[in-house]
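Read through the structure below, which is laid out as structure tokens, and then see the notes.
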Amino acid sequence: STLFPYTTLFRSRAKIAARRRDFDRMHAKEHQPATYLHRNTELELDVVEHEGNLLRGMGTSPGNITAKVRITRNLNEIGRVRQGEILVVNATDPGWTPVFNVISGVVIETGGRLAHASCLAREYGLPAVQLPNALRLIPDGATVTVNGLTGEIIVHDEPDTEAPEATPELVAQG
């Protein structure tokens, strides 16, 4: 039949479009892909333990701090971070280093004890915790306590309604 090449072409285009959409969602930190796959099945090894307002992750830099949280999904949002806030981010790289002069703690989704954010947190004396899916579990602007020794995060209240707009001056002031 003459439709076979066209059917294959349309299926291929649909697969490509779906994969681009999934990649864009992952790149924008809107979707966290499975950490582990076994025989095409996601393994739930990064399940977050929580009881009410208590979340348990892995402490990566000792210390204890209570402050407001600032969710930042990418480096373009670094200007939203204010003095003394706790940075919640998927991961950092050297471009994030200036914000460590401003923040009072950090929560990362990936990387563990040797992650860039964890190493910088130890150098700056800041508490740090790795918590899978932290960007979804911790509300932007909420007041939390981060315990970098035990890996516990306590969410104390709901977020403020006015998150700061991205302005370079906020980070530069620190």
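Quick notes on this structure:
- Compactness of the stretch 100-161, taken as the C-alpha radius of gyration over 2.2 N^0.38 Å, stands at 1.09.
- Residue 104 sits among other residues whose Cβ lies under 12 Å from its own Cβ, and their net charge, with Lys and Arg +1 and Asp and Glu -1, is +2.
- Taking a sphere under 13 Å around the Cβ of residue 61 and counting the other residues whose Cβ falls inside, with K and R at +1 and D and E at -1, yields a net charge of +1.
- Evaluated at q = 0.17, 0.22, 0.27 Å⁻¹, the base-10 log of the normalised Debye intensity for the stretch 61-113, with identical point scatterers placed on the Cα atoms, takes the values -0.47, -0.80, -1.22.
- For the pair residue 12 and residue 116, label points projected 7 Å from Cα toward Cβ lie 3.7 nm apart.
Computed from the coordinates by the stated procedures, all read-outs in this text should not be read as laboratory data. Since this is a predicted model, take the numbers as computed values, not measurements. Don't worry about glycine lacking a Cβ; one is built from the backbone with ideal geometry, like all the others, and counts go over all protein chains shown.
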